[in-house]
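Just so you know, all these numbers are worked out from the coordinates, no wet-lab data involved. A quick note: this is a predicted structure, and the numbers were derived from the prediction, not measured.
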Amino acid sequence: MIELLFVTCLSMAPDQCQERSLLFTDMSPMACMMGAQPELAKWSESHPRHIVSGWKCRSLRPGEHDA
């Protein structure tokens, strides 16, 4: 499992940030790196009051992510 881990901040309060993630089961770490920006753009379109301030891809072992 691959996690796209990213930090978002409120556009009107840039000091209020939160860590978020998207999980993918059918993606390699390299595919995550290549596809992260379009995924984050889609997320940003549906969350217009937030800005993405950073992101990374990482592999997760089964049971590692808190649901």
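Points worth noting:
- Given the alternatives [x] 5.2; [y] 4.6; [z] 6.6, mean projected area of the Cα convex hull in nm² as computed for this entry is given by [y].
- For the pair I51 and Q16 in one chain, pulling the backbone fully straight at 0.36 nm per residue adds 11.5 nm over the alpha carbon distance.
- Averaging the sequence gap over all C-alpha pairs within less than 8 Å and six or more residues apart, then dividing by the number of residues, gives the chain a relative contact order of 48 percent.
- Backbone phi angles across the stretch 18-34, fed through the Karplus curve with coefficients 6.51, -1.76 and 1.60 (θ = phi - 60°), yield HN-Hα couplings of 8, 7, 9, 8, 10, 10, 10, 9, 10, 9, 8, x, 5, 5, 5, 4, 6 Hz in residue order; Gly and Pro are listed as x.
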